[in-house]
Amino acid sequence: MEYGRNIVVKGVGKASKRPDLIVINLDLDSFSKSYEKAMSIASEKLEELYTSLGGIGFERKDIKTVGFNVRTKNEYVKDKNGDSVLMFLGYDVEHSLKISFDLDMKKLPETLSVISTSKAKPRVDIAFTLKDDSEIKEEALRNASINARKKAEILAITSGVKLGKLISIDYSWKDIELYSDTKCYDSMPSISKMASIDIEPDDIKAEDSVTFTWEIEVDDLSYDL
């Protein structure tokens, strides 16, 4: 046998797993023409949220800040001459937080009920994810490698050649967060009714790919591949 040309194959692998963690994202919006007043309102809303969630066992350290932004709000208006002028309206304070806990479909409606009745009135988004996603990512990568090998073997057999030594592996590692496709909307009336709904979140799905290059063995290098 002699080594001739190469064969390059991309393998794709998938894996799935039931989520084991609930993440509730909370957005608090505050506004005032005065910067100090806007910040004061934001602080009051946060305290109200702490108090509400504290009543069902959450501690302050459980409520994580993931984003905080203060920006001016402006609007174009017509002056007495009919010209558009930019008018300062005030300050918008956006405070994004999250709480997470083990997948417990009894605790979820209780938590949402408390949030929905809180004076803070946050926007809410619910996601289902994994405490540790390394296992599902590794499984997807293993499956991608197996898939590539199978494809290469099929191509080699149907072409009348054999796989030779492995030349290279091309893999681009991506650090992505994985969530279930199950979505729960941020409408407060809907959230307040969730206590009576039995939700089973969809499995989390992961996909990965990797490219392998093998040399191929041929009996006759003049063989037309």
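The values are calculated or read from the model by the stated rules, or taken from the named source; none is laboratory data. On a predicted model such as this, the values are computed, not experimentally measured, just so you know. Counting neighbours? That spans all protein chains shown, and the Cβs are built from the backbone with ideal geometry, glycine included. These area figures cover heavy atoms from the full protein model, side chains too; ligands, DNA and RNA do not enter into them. Shrake-Rupley method; radii C 1.70, N 1.55, O 1.52, S 1.80 Å.
Give me the pairs, please: first residue somewhere in region 54-67 and on the phi < 0 side of the Ramachandran plot and without any contact (Cβ under 8 Å) to a residue 12 or more places away in the chain, second residue anywhere and of a type outside the set (Phe, Trp, Tyr) and open to solvent by less than 90 Å² (accessible area, probe 1.4 Å), beta-carbon distance under 8 Å, and either six or more positions apart or on two chains.
Arg60/Gly54
In region 177-215, which residues are part of a strand (DSSP E or B), open to solvent by less than 80 Å² (accessible area, probe 1.4 Å) and either of a type in the set (Asp, Glu) or modelled with pLDDT under 90 (or both)?
Correct list: Cys184, Asp208, Glu215.
Take the conditions modelled with pLDDT of 95 or more, touching a strand residue (DSSP E or B) at 6+ places or on another chain (Cβ under 9 Å), closer than 12 Å to Phe212 by Cα and among the hydrophobic types (A, V, I, L, M, F, W, C) and apply them to Ala144. Does it pass?
Criteria met by Ala144.
Looking at this structure, is Lys73 in a strand (DSSP E or B) and open to solvent by 70 Å² or more (accessible area, probe 1.4 Å)? Step through it out loud before you land on a result.
Numbers: in a strand (DSSP E or B): yes; open to solvent by 70 Å² or more (accessible area, probe 1.4 Å): yes.
For Lys73, the condition - in a strand (DSSP E or B) and open to solvent by 70 Å² or more (accessible area, probe 1.4 Å) - is met.
Out of Lys119, Lys98, report the one residue that is of a type in the set (Lys, Arg), closer than 30 Å to Phe31 by Cβ and either modelled with pLDDT under 90 or not in a strand (DSSP E or B) (or both).
Every option except Lys119 fails the conditions.
Quick one: what pairs do we get from region 69-90, first residue under 18 Å from Ser32 (Cα atoms), second open to solvent by 90 Å² or more (accessible area, probe 1.4 Å) and not in a strand (DSSP E or B), C-beta under 6 Å, 6+ apart or different chains?
That search, which allows pairs on different chains as well, returns Gly90/Lys33.
How many residues does region 5-55 contain that are open to solvent by less than 30 Å² (accessible area, probe 1.4 Å) and closer than 27 Å to Ile146 by Cα?
Qualifying residue count, region 5-55: 6.
Residue-by-condition table, conditions (1) assigned to a helix (DSSP H, G or I); (2) crowded, with 20+ Cβ neighbours inside 10 Å:
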site	(1), (2)
Ser113	yes, no
Ile126	no, yes
Asp132	no, no
Glu135	yes, no
Glu139	yes, no
Ala144	yes, yes
Ala152	yes, yes
Leu155	yes, no
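Name the residues in region 1-55 that are modelled with pLDDT of 95 or more and of a type in the set (Asp, Glu), would you?
Answer for region 1-55, where residues must be modelled with pLDDT of 95 or more and of a type in the set (Asp, Glu): Asp20, Asp27, Asp29, Glu36, Glu44, Glu47, Glu48.
Filter region 76-95 down to the residues that are open to solvent by less than 60 Å² (accessible area, probe 1.4 Å) and farther than 25 Å from Ile41 by Cβ and list them by number.
Asp79, Gly82, Val85
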